[in-house]
Structures are given as structure tokens and as C-alpha cells.
Number of protein chains: 2
Amino acid sequence: MTVTNDDTAQYLIKTVSKRSGVKSDLVRAWERRYQAVSPVRTSGGHRVYTDQDIARLKLLNQATNNGHSISQIAQLSLDDLKQLIKNESITNALEPAVNETSIRDKYQIAEDYNNKCYAAVLAFDAQALESHFENAIVELGSEAFIELLLSPLLSKIGERWKTGELRPVHEHMTSSVIRSLTYILRNNNPCPANAPRMIVSTPIGQLHELGALLAAIMAELCGWQITYLGANLPAEEIAAAVKYTNACALTLSISFASEDNIVAKELRRIKKLIGNDVTLIVGGRAASHYQGVLSEIGVPNIQGYSHFKEILKQLADQHHKTTNG
Amino acid sequence: MTVTNDDTAQYLIKTVSKRSGVKSDLVRAWERRYQAVSPVRTSGGHRVYTDQDIARLKLLNQATNNGHSISQIAQLSLDDLKQLIKNESITNALEPAVNETSIRDKYQIAEDYNNKCYAAVLAFDAQALESHFENAIVELGSEAFIELLLSPLLSKIGERWKTGELRPVHEHMTSSVIRSLTYILRNNNPCPANAPRMIVSTPIGQLHELGALLAAIMAELCGWQITYLGANLPAEEIAAAVKYTNACALTLSISFASEDNIVAKELRRIKKLIGNDVTLIVGGRAASHYQGVLSEIGVPNIQGYSHFKEILKQLADQHHKTTNG
DNA sequence: AATATTTTGTCTATGTTTTGTATAAGTTTG
DNA sequence: CAAACTTATACAAAACATAGACAAAATATT
């Protein structure tokens, strides 16, 4: 697991000593004599160390206890030191291992995670799924996480659900995990002060919320301020939320095509209730099935990830013009 | 333009000192020397602080007690501070809490937050609600947060929903905010290796998930490994989840009493499907309405917070005996 | 093997910075 | 008016800094 490399967290020598196990005097001596660490200084001259320095000193301490001479290892890289310690515990070989991280393509990484995540969904292992997601966010970044991992994964789940490989409960579990992830994603890029507001939900009868969740996360990443309502809400409730928040857009996800015309009815009612000042966006696997109603009420059908992003951008620009101009 | 700056919460330095545990003089010194906080001023020059400032000072106090130098951490963001404390508390988890706020004060603080949170719900302000929750978790700790704030708040929302002061959509919004909070709470106390597993959901027809969410959070805090499924699931799906995860308990929340006998039927079916090896727990505002079925299938009715906790403890003990003995 | 040299951890002496607290004198608040 | 707040300054303990000394251990040389 990649530990959050806190550039922010900085320590004075006492803390470093306590945590690395190397006495303060010795830490200074190692710096003076062999440049084992290179702490920055406060304006008053006190040494300020990073987490990396602590890790380094810890390893150096271990290595010297193993019989290594400090002068010989003081300047090794962190990776080399790790290698050293590791080899020690097995054999006595002290080859300076070349530690070159293989440069893999993001697509490859995303695909790997995709398989792992899908396996976790199939095995109904929520903890594993969350852990994979967390790692993927760190490794890929929010943007690529959504575009290369989350979006394809949800499509896959949608398909497999139809074939019967997955049950509804698999989707519920996955939704639940993703919902708690929104907290990380939101904190990764805090939304700007006067961001445009948007409501995200699914109309009544539409119980699947994965599509809506994806839309909400995407929009949040594009700088929108989202109020997410979950699935299966009647037109009046959705419209009330739009009114309460003074949102300038409403996104609905439709993933299941039913032959009764409840969804069509609801869409018409929603459009009527929110009026023309609020932009209605409809996406999802089954949105095209309602092409008729959608064009009737003047709602463009979303053609996938980049199309949705483009529309969001356009609307945001429009919003800023009307509020700032 | 209401940004994160809380217009509502305003405290003078004495209150801040009491609640954060940092003496008034020191609060001023930290501001003067390191800009640790930036309170606004009254027209007469008195400092006025927000809930966020209190949370911040509380965390700074904790961090300095852990050996961090105030000058090095004073300007860290709230999230970074939380991270710092979290990483630290893993290593020295068994420290006697020096700066414990008295129980009586906690009640008062919780009540204040309760009012603010309810106001945010009423105003349909998801951002404010989340922010209040976050601050409250820092100030009260996870346990008191649930017992003194979340639990009463959800009861209040349940009541006001019946009187018509709140709409269904208010509840949806609140659920959504709380769901994303589960991430923080889960990370505050990571669950032990061989924790007993539990499924949490609501039966079909029960659309309100606040009670289920509360149950899930409580159980997680008691050391259980939870798979949360959301609301409105048919018996077969819930039973499938129990089977997949090999859970030893299933908790259902019932908050709405309906005259049709769908819930009763579902409860009987669930009991049949999961058998006697899996403990079924039923709680929620309307659970007592189904007393008949519940005693028929041998399910005790939950009598509130401490009762639920007690049952959880009992089951966990039982689980550990059967797995370790 | 005996002797010399280098490495390495620790210690001392002396001065500076950091940090919590205290005091004095004036201002705001209820 | 009293209580609580303000600023400004002062002060002392704790922590850190540098420079150099010193002895045990490791290594090299005779």
C-alpha cells in the first residue's frame, strides 16, 4: 500500500528520534559526517524532517544493527536500503539492487484493477472492492479512475446482471461501496466557491443507482456542486430538491427499459415541474429506449463519458456568464 | 455566496478554549505566531470562532501532545491533521485520554450540533450538513457522535417527516450525506481481522434507509464487519448476501408500518431462507408494529441504542467462542 | 601479536529558538 | 460596573544548535 507521502507533515528531531529509534545526537552526527539525511531548517535553524527521513533513519538503524558500517550505507537510496534489509533476512548477499519501477501504461493498470474489482464484486467481497478502489484512485488519479476503471466496470456489471451472472444484490453492494468512496473523491478536489449546482437522481421505478452515482462523481470532478438523492424518486420530490437548492441542472439516470410508460410519464412531469430554466440531462444504459419522450421534451441523449463532460463544461460556462456578467 | 464560512456558529474565545482544550492565551499565541486559526472579529475587536476552528484546535492540541511541533503543523489543513492523528493513533492506541470533555458538556455540544444539523436538513443544504457532521465527529468522537447526535437526529427527522415539515426528499438527501460519512467513521476504527460479519438492509417495501444506516454504523463501531446493502430488497437477495458473505447476523430496519402484510411475509421468508444459524435482528421505528410476526419467528425487538449494542456484544462473544474454541 | 589509525557512538559546554504562561494596561460587553 | 476580552511585552523551561572532546570498537599496518 502506498502510504500517503505527506509533504505537509514535518517533524522536529525529537519526534524523529523517537520514531526512528536513533538518538538525536546520533541523527545529527550521521548528517554531519555522512549526509545520511538532509533536513530543511526553520528560520531559526532547527532541523525539520519528513516522513521519508524517518523511514530512512529507521532502515539505517536496522542495517547498522545488522553489522553494516554507517559510512558505507548512509548515502544509499531508500529503495536500496529496503532491499538491503530484505536480503539480509534471507541470505548475506549485498548486491545493490537496481530498483526500477516498471513503467506500465495507465490503461494496463486500469484493466488490471478492473479485473480485480470485478472479481471482488463476483465474490461479493465489499472490503476487497473498497480496498481495490482506494488503491486505484491513488495510482490512477481521480480522472483516470473514473474514465478507465469505474465507467467500464459499471458497464460490465450492467451487462453481467442481464445475463444472470450477477444478482441485484451484487449491484446494491457495489453501489454501497462506491457511495462511501465519494467522500475521498470529493475531498481530492474541493469544489470552487460559486460552482453551479446540480441534482442527481433516478426517476420512480428506476431502482439501479450505479449510473446516477457515476454521473454524480463525474460532475463533481468537473467542478459542480452535487446534491445526490439516490434512486427511485417521484417527480415532485426531485423537482422540490431542484427548487430548494436552486440548482441549474438536473441529471437523471435510466438503466432499465420497461414496457409500461411510467418513466415516460415521470419524465414529462419532471420537465413540466422544473420548467425551462433548469437544464435536464438524461443518461444511462436504457436512455435511448425513451428517445421519443426525450426529444419531445427537448432533452439530448448522453452519448457516453466525453459527451457528458462536454455538456457539463458548456453548462458551467453558461452559468458563470449569467452569474458574473 | 455562502461558502464554507459558517455564518451560523460563532463562539468567543472562552468557549473555544473549553471545547478544544487549548487555553485562551495559547489560542491567541498560536494565532499570532503561526496563524493556526483566523477568527473574524466583532465590531469591538473580540475574536469570533467557528465550529471548524474548534475542531482544528482540538486536533492541533492532540497532535502537539503526540510530540509534533506546533510551528510545523499549525497551518496544515483539517484533513491533513486528521490524517496525522489517525496515523499516530495506530501506534499508541492505548493512551489514557488526558483531555476528555465531560459527559455533561458532550450532551450540550451534541444538542447544539443537533440543532444546526436539523436546520441544514430543513434548508436542504447538503454541504452544510456534511460540514457539521465532520466537525461533530472530531469534537465528540465516533461513539458520542452516533449516540448523542446521529441517533436523536434521525429520530427527529422521522417524526418531522410524519408531520409534513419534511418531505421524503429531505430524508434521501440526509441518507446520502450520511452514507458518504461512513467512510470517515470506518477509517476511524478499522475493523479487527476475524471480526464477525453482518448484513444490513431493509425488506422490500421499506424505502427508508436511515435506520439501517444507523444500525450499520453502530455495528461497525462495535467491531463488526458490515456489508451494507441499502433499502428495499427482496428476501431472496438479502438471503443471498448472507450466504455469500457467510455472515452470522442479519439486521433489518423497519421504519414504516403498512397495513398490507408484505413486510410480515418477507420477514417469514427471510427467516426461512437464512435458517437458524444466522441471527436475525429487527429494529426501527415501526418494528413494534410487527410484534406478532417477530415473536412468531423468534426475533427480539430492539429497544434502542444500548439494547442493540448489548446484543451485538453478546453475538460477537458467541462468534469468537465458536471460531476460536 | 602488537601497535597505529579510523570509525562510531556518546558526552559536554555554551548559546539560540521555540513555546507555554504570566503580567500590565486598556477596551468591549451585557 | 464587573466580567471578559484586547494588545503588548516579558519570562522561563524545554528543546535544539554548534563545536569539540573522548573512548570503545573496528580496521589497518608494522
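From the set of residues in the stretch A:251-277 that are aliphatic (A, V, I, L, M) and touching a residue at least 60 places away in the same chain (Cβ under 8 Å), which is nearest to B:Ala126 (Cα to Cα)?
Taking the stretch A:251-277 as the starting set, the residues that turn out to be aliphatic (A, V, I, L, M) are A:252, A:254, A:257, A:262-264, A:267, A:270, A:273-274.
Now narrow it down to the ones that are touching a residue at least 60 places away in the same chain (Cβ under 8 Å): A:263, A:267, A:270.
Values: A:Val263: 27, A:Leu267: 25, A:Ile270: 22 Å.
Among those that are aliphatic (A, V, I, L, M) and touching a residue at least 60 places away in the same chain (Cβ under 8 Å), it is A:Ile270.
State which residue pairs qualify: first residue in contact (Cβ under 8 Å) with a residue 12 or more places away in the chain and inside the stretch B:288-309, second residue charged (D, E, K, R) in any location, beta carbons under 7 Å apart, and separation of 6 or more residues or different chains.
B:Val293/B:Arg268; B:Ile297/B:Arg268; B:Ile297/B:Lys271; B:Tyr305/B:Glu147
If I go through the stretch A:226-243 residue by residue, how many of them are more than 7 Å from chain B (Cβ to nearest Cβ), surrounded by fewer than 24 Cβ atoms within 10 Å (Cβ to Cβ) and more than 13 Å from B:Ser175 (Cβ to Cβ)? Lay out the reasoning, then the answer.
Filtering the stretch A:226-243 for residues more than 7 Å from chain B (Cβ to nearest Cβ) gives A:226, A:231-232, A:234-236, A:238-239, A:242-243.
If we keep only those that are surrounded by fewer than 24 Cβ atoms within 10 Å (Cβ to Cβ) too, we end up with A:232, A:234-236, A:239, A:243.
Filter again for more than 13 Å from B:Ser175 (Cβ to Cβ), leaving A:234-236, A:239, A:243.
Residues flagged as more than 7 Å from chain B (Cβ to nearest Cβ), surrounded by fewer than 24 Cβ atoms within 10 Å (Cβ to Cβ) and more than 13 Å from B:Ser175 (Cβ to Cβ) within the stretch A:226-243 amount to 5.
Name the single residue that is nearest to DNA strand D (Cβ to nearest atom) among those in the stretch A:23-48 being part of a loop (DSSP other than H, G, I, E, B) and under 15 Å from A:Leu59 (Cβ atoms).
Let us first name the residues in the stretch A:23-48 that are part of a loop (DSSP other than H, G, I, E, B), namely A:23, A:35-39, A:42-46.
Now restrict to residues that are under 15 Å from A:Leu59 (Cβ atoms): A:36-37.
Working: A:Ala36: 14, A:Val37: 11 Å.
The qualifying residue nearest to DNA strand D (Cβ to nearest atom) is A:Val37.
Go through (1) modelled with pLDDT under 95; (2) within 14 Å of chain B (Cβ to nearest Cβ) and name the single condition A:Ala257 misses.
(2)
With (1) within 19 Å of A:Thr227 (Cα to Cα); (2) assigned by TED's automatic domain parsing to the domain that holds B:Ala239 as the list, and B:Met198 as the residue in question, which single condition is left unmet?
Checking B:Met198 against (1) within 19 Å of A:Thr227 (Cα to Cα); (2) assigned by TED's automatic domain parsing to the domain that holds B:Ala239, the one that fails is (1).
Out of B:Ile146, B:Ile204, which single residue is over 30 Å from B:Ile103 (Cα atoms), of a type in the set (Val, Ile, Thr) and more than 8 Å from every other protein chain (Cβ to nearest Cβ)? Write out each step before concluding.
Details: B:Ile146 fails: over 30 Å from B:Ile103 (Cα atoms).
Only one candidate passes the filter, namely B:Ile204.
Only one of (1) facing another protein chain (nearest Cβ under 10 Å); (2) assigned to a strand (DSSP E or B); (3) of a type outside the set (D, E, K, R) fails for B:Ser175. Which number is that?
Of everything listed in (1) facing another protein chain (nearest Cβ under 10 Å); (2) assigned to a strand (DSSP E or B); (3) of a type outside the set (D, E, K, R), B:Ser175 misses just condition (2).
Considering every residue within the stretch B:218-232, establish whether at least one is under 23 Å from A:Asn232 (Cβ atoms), under 26 Å from the mean Cα position of the chain (by Cα) and polar (S, T, N, Q).
yes
Could you check A:Leu166 against (1) within 12 Å of chain B (Cβ to nearest Cβ); (2) surrounded by fewer than 22 Cβ atoms within 10 Å (Cβ to Cβ); (3) assigned to a helix (DSSP H, G or I) and say which number it fails?
If we test A:Leu166 against (1) within 12 Å of chain B (Cβ to nearest Cβ); (2) surrounded by fewer than 22 Cβ atoms within 10 Å (Cβ to Cβ); (3) assigned to a helix (DSSP H, G or I), just (3) comes out false.
Among the residues of the stretch A:49-67, count how many are near DNA strand D (Cβ under 10 Å from one of its atoms) and surrounded by fewer than 19 Cβ atoms within 10 Å (Cβ to Cβ). Working first, answer last.
So in the stretch A:49-67, the residues near DNA strand D (Cβ under 10 Å from one of its atoms) come out as A:49, A:67.
Next, from what is left, pick out any that are surrounded by fewer than 19 Cβ atoms within 10 Å (Cβ to Cβ): A:67.
Here the count works out to 1.
Could you tell me which of the residues B:Ile217, B:Ile238 is touching a strand residue (DSSP E or B) at 6+ places or on another chain (Cβ under 8 Å) and in the same structural domain as B:Thr202 (by TED's automatic domain parsing)? Write out each step before concluding.
On the way: B:Ile217 fails: touching a strand residue (DSSP E or B) at 6+ places or on another chain (Cβ under 8 Å).
The conditions single out B:Ile238.
Which pairs have Cβ atoms under 7 Å, sit 6 or more apart or on different chains, and link a residue in the stretch A:140-161 that is closer than 18 Å to A:Ala219 by Cβ to one that is not in a helix (DSSP H, G or I)?
Hits for this filter: A:Ser142/A:Asn189.
This table checks each residue for (1) acidic (Asp, Glu); (2) crowded, with 20+ Cβ neighbours inside 10 Å.
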| position | (1), (2) |
| --- | --- |
| A:Ala264 | no, no |
| A:Lys271 | no, yes |
| A:Asn276 | no, no |
| A:Ala286 | no, no |
| A:Gln291 | no, no |
| A:Glu296 | yes, no |
| A:Gln303 | no, no |
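Please state which of the following conditions A:Ile70 fails to meet, knowing it meets all the rest: (1) within 12 Å of DNA strand D (Cβ to nearest atom); (2) under 18 Å from B:Ser69 (Cα atoms).
Looking at each condition in turn, A:Ile70 falls short on (2).
For A:Asp79, indicate whether it is modelled with pLDDT under 85, within 14 Å of chain B (Cβ to nearest Cβ) and out of contact with any Pro (no Cβ under 6 Å at 6 or more places or on another chain).
Numbers: modelled with pLDDT under 85: yes; within 14 Å of chain B (Cβ to nearest Cβ): no; out of contact with any Pro (no Cβ under 6 Å at 6 or more places or on another chain): yes.
Judged against the criteria, A:Asp79 is not a match.
Go through the stretch B:47-61 and give me each residue that's of a type outside the set (Ser, Thr, Tyr) and either farther than 22 Å from B:Leu12 by Cα or more than 14 Å from chain A (Cβ to nearest Cβ) (or both). Break it down into steps so the answer makes sense when it comes.
Filtering the stretch B:47-61 for residues of a type outside the set (Ser, Thr, Tyr) gives B:47-48, B:51-61.
B:Arg47, B:Val48, B:Asp51, B:Asp53, B:Ile54, B:Ala55, B:Arg56, B:Leu57, B:Lys58, B:Asn61 - these are the residues of the stretch B:47-61 that are of a type outside the set (Ser, Thr, Tyr) and either farther than 22 Å from B:Leu12 by Cα or more than 14 Å from chain A (Cβ to nearest Cβ) (or both).
Take the stretch B:264-318 and flag every residue that is among the basic types (Lys, Arg) and not in a helix (DSSP H, G or I).
Residues of the stretch B:264-318 among the basic types (Lys, Arg): B:265, B:268-269, B:271-272, B:285, B:309, B:313.
Once the filter is applied, which keeps residues that are among the basic types (Lys, Arg) and not in a helix (DSSP H, G or I), the stretch B:264-318 yields only B:Arg285.
Which of the residues that make up the stretch A:94-126 are surrounded by fewer than 10 Cβ atoms within 10 Å (Cβ to Cβ) and either modelled with pLDDT of 85 or more or over 30 Å from A:Glu165 (Cβ atoms) (or both)?
Within the stretch A:94-126, A:Glu95, A:Val98, A:Glu100, A:Thr101, A:Ser102, A:Ile103 meet the criteria.
How many residues does the stretch A:182-200 hold that are within 8 Å of chain B (Cβ to nearest Cβ) and touching a Phe, Trp or Tyr at 6+ places or on another chain (Cβ under 9 Å)?
Restricting attention to the stretch A:182-200, the residues satisfying the condition of being within 8 Å of chain B (Cβ to nearest Cβ) are A:182-184, A:186-187, A:193-194.
Narrowing further to those that are touching a Phe, Trp or Tyr at 6+ places or on another chain (Cβ under 9 Å): A:182-184.
Going through the stretch A:182-200 one residue at a time, the tally reaches 3.
Only one of (1) closer than 21 Å to A:Leu210 by Cα; (2) touching a residue at least 12 places away in the same chain (Cβ under 8 Å) is not met by A:Cys248, so which one is it?
(1)
The values are calculated or read from the model by the stated rules, or taken from the named source; none is laboratory data. Quick caveat, the model's predicted, so the values are computed rather than measured. Here the Cβ is made from the backbone with ideal geometry for all residues, glycine too, and neighbour counts use every protein chain on show.
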